[in-house]
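Colleague: This is the structure, below, for whatever I ask next.
The values are calculated or read from the model by the stated rules, or taken from the named source; none is laboratory data. Remember, it's a predicted structure, so these values are computed and weren't measured experimentally. A quick note on method: Cβ atoms are made from the backbone with ideal geometry, for glycine too, and the neighbour counts reach across all protein chains shown.
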Amino acid sequence: MSWYADLETILRGGLSVGFGGLVGSFFLVKGDEFISTDARQYLSSRLKSFNIDPPDASFAAVFAGVFDRVFGPDPARPGFILKTLLVSAVAIIFFFMTFLLVQPGLAESLFTTNMDAETRTYQRRAVFGQLFSTALLVNFAVDYLCIAYCRDVVHQMERNWSWKRVPWFLAKDLVGKTLLFIAAMGFYYGMSAVSREAFSGKISTALLSVPITLWNGLLMRNLSAVYIYSSLISSFWLWGYMMSGLIFQMAHITPQIWSFVKWVLPIDEKPVRSIGVIIAIFSTLSYWIWASLLN
């Protein structure tokens with residue numbers, strides 16, 4: 001068994017915790033300081049009460065407030081752009097590590113000495129060349145647009161709230177980002193066909209290859225997986241936040257569980273951080289299961 005296979009479980013566990021931290025950090029780092037006292041009191045009272053009624057507009061408004069304080073209220077400002085690029089870079093690195101976990105053969109070819117130096121150098125240039133060129137030309141722009149689009153969807157939820165429309169808003173967030181990514185990949189592949197004569201120099205061939213490339217990327221079979229999943233990082237925040245309300249409601253069903261939750265989490269003083277802890281735990285477990293199924 002190779003050295004990589006020996007460390008597979010440890011690596012999966014570390015990346016699972018890392019993913020939980022990556023998603024949960026949006027709420028854990030001073031999230032409660034980014035909202036008003038009234039908003040904290042509202043969120044705290046909602047989390048503590050067993051209420052079968054669905055979330056209202058104020059629940060979405062809390063997320064919108066945190067989002068605007070983290071990134072800024074104007075996507076055109078340099079601060080917003082720089083922060084989205086930083087998040088994009090972190091997400092790209094993380095999901096590249098995930099790709100190597102799922103594809104141990106590639107990891108060994110990049111980092112072991114079990115092949116001649118010329119072959120290993122060629123492999124590294126091919127992989128990292130594709131990674132950096134696509135990240136610079138496509139993914140940073142796509143991630144910026146996806147995060148800006150998530151902000152727009154959240155504010156639409158706040159302004160036009162209806163609990164029946166929550167699934168529509170979440171689906172709109174996901175579908176919009178998917179279409180952005182498909183358009184970006186189509187543009188990149190089309191330009192590659194024209195400028196580098198890839199795909200036999202045919203734009204039609206390049207465009208037809210996009211769907212199968214993205215499908216294999218979703219299954220972690222090619223490097224497009226890195227770009228696909230990193231572009232969805234803001235969806236993980238939004239979907240996790242909306243699911244947290246349901247998770248807290250489920251905890252109320254069993255008194256013992258709810259007593260433990262109240263004892264562990266600072267729901268009164270820091271309700272946003274409490275949500276972040278729940279989201280981090282849920283994201284960690286979800287990543288572990290997902291990575292295990294892919295392997």
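Colleague: Taking Asp56 as the residue in question, decide whether it is charged (D, E, K, R), modelled with pLDDT of 85 or more and surrounded by 12 or more Cβ atoms within 10 Å (Cβ to Cβ).
Modeller: no
Colleague: Checking Lys172 against (1) closer than 24 Å to Asp74 by Cα; (2) without any contact (Cβ under 8 Å) to a residue 12 or more places away in the chain, only one condition comes out false. Which one?
Modeller: Unmet condition: (2).
Colleague: Output the helices (runs of 4 or more DSSP H) that fall wholly within the range 96-200 and possess 3 or more residues being at pLDDT 80 or above, or say none.
Modeller: Because the criterion is at least 3 residues that are at pLDDT 80 or above, the helices (runs of 4 or more DSSP H) in the range 96-200 that meet it are 140-159, 166-195.
Colleague: Only one of Tyr189, Tyr227, Tyr241 is of a type in the set (Phe, Trp, Tyr), within 23 Å of Asp56 (Cβ to Cβ) and either buried (at least 20 other Cβ atoms within 10 Å of the Cβ) or in contact with an Asp or Glu (Cβ under 7 Å, 6 or more places away or on another chain) (or both); which?
Modeller: When all the criteria are applied, what remains is Tyr241.
Colleague: Then there is this: Could you check the range 219-285 for helices (runs of 4 or more DSSP H) lying wholly inside it with 1 or more residues that are free of Cβ contacts under 8 Å to residues at least 24 places away in the same chain?
Modeller: The qualifying helices (runs of 4 or more DSSP H) are 233-253, 255-264.
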